[in-house]
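Take a look at the structure set out below.
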Amino acid sequence: MAGTRPGAGLAPGAVGKRKRKLQRKGGSMTDQQPGNIIDDIIDDHREFEQLFAQIKSGDPRTRSEVVEHVIAEIVRHAIAEEQYIYPVAREVLPNGDELVEHEIAEHSEAEEVMKEIEKTDTNDPKYGELVEEFIADIRHHIEDEESKLLPQLRDACPRERLQELSETFQRAKNLAPTRPHPLAPDRPPANRILGPGAGLVDRVRDALSGRNA
Ligand SMILES: [Fe+2]
Ligand SMILES: [Fe+2]
């Protein structure tokens, strides 16, 4: 499937998180802990929850832009998980393959709903139903990861490895383009912003995974 290969990008929604990461890694060397990938993933999940709350209660005039923002954020989160956390889960957890297959199937299901959203006019009543379905799917998936895969991985994987993976996870995510949050004060440079509309899911996936077919 055709996809553009936009340039590297940073997430506008990740500003707070980047600050937290810097604080964790920051210079004091006494009270700061390096990041680890489990906390990175949970940070992302909390950010998605905030965006879902904005979609449900926010201004309908900006709703579709927030939806596009969260779709781009979730796709790059999911791909980074698939590249860096799921392979480790397969390697170190006795039931890793089973857990990971389940999570990947949920990613695929959510992506199908996201692609339906892309194709649906925002004035179509179906649009709201799809957004509800998408939010419910992602909430379920987050609960699944946080109750099973992530705690098991935290116990099974050496801390140093989780810290190294944090660096890789952040770097990979930052290579992906993004859609700006309509109300965010910080916006990424224009050449990192994906255009709106159809193909958003595929364009983020192409940019992050190197897929180009
Ligand atoms: Fe996931
Ligand atoms: Fe996740």
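The values are calculated or read from the model by the stated rules, or taken from the named source; none is laboratory data. Please read all numbers here as calculations on a predicted model, not as lab measurements. Heads up, the Cβs are rebuilt from the backbone with ideal geometry, glycines too, and the neighbour counts pull from every protein chain shown.
What about E129, is it modelled with pLDDT of 95 or more, surrounded by fewer than 14 Cβ atoms within 10 Å (Cβ to Cβ) and more than 11 Å from ligand 1 (Cβ to nearest atom)? Criteria met by E129.
Of all residues in the stretch 139-148, one or more are farther than 19 Å from R76 by Cα, part of a helix (DSSP H, G or I), touching a residue at least 12 places away in the same chain (Cβ under 8 Å) and within 16 Å of ligand 2 (Cβ to nearest atom). For the stretch 202-210, state whether one or more residues are surrounded by 14 or more Cβ atoms within 10 Å (Cβ to Cβ), modelled with pLDDT of 70 or more, assigned to a strand (DSSP E or B) and touching a Lys or Arg at 6+ places or on another chain (Cβ under 8 Å). Looking for residues that are surrounded by 14 or more Cβ atoms within 10 Å (Cβ to Cβ), modelled with pLDDT of 70 or more, assigned to a strand (DSSP E or B) and touching a Lys or Arg at 6+ places or on another chain (Cβ under 8 Å), one finds none in the stretch 202-210, hence no.
Before we move on, is F169 at pLDDT below 95, under 18 Å from H45 (Cβ atoms) and part of a helix (DSSP H, G or I)? Against the criterion (at pLDDT below 95, under 18 Å from H45 (Cβ atoms) and part of a helix (DSSP H, G or I)), F169 qualifies.
Regarding the stretch 116-134, can at least one residue be identified that is within 11 Å of I71 (Cβ to Cβ) and within 16 Å of ligand 2 (Cβ to nearest atom)? Yes - at least one qualifying residue is present in the stretch 116-134. Taking the stated definitions as given, is I104 within 13 Å of ligand 2 (Cβ to nearest atom) and without any contact (Cβ under 8 Å) to a residue 40 or more places away in the chain? Yes: the conditions hold for I104.
A176 meets all of the listed conditions (1) within 16 Å of ligand 2 (Cβ to nearest atom); (2) modelled with pLDDT of 95 or more but one, namely (2). Within the stretch 102-121, identify whether any single residue is at pLDDT 95 or above, over 22 Å from Q152 (Cα atoms), surrounded by 20 or more Cβ atoms within 10 Å (Cβ to Cβ) and within 11 Å of ligand 1 (Cβ to nearest atom), and answer yes or no. For the stretch 102-121, residues at pLDDT 95 or above, over 22 Å from Q152 (Cα atoms), surrounded by 20 or more Cβ atoms within 10 Å (Cβ to Cβ) and within 11 Å of ligand 1 (Cβ to nearest atom): present.
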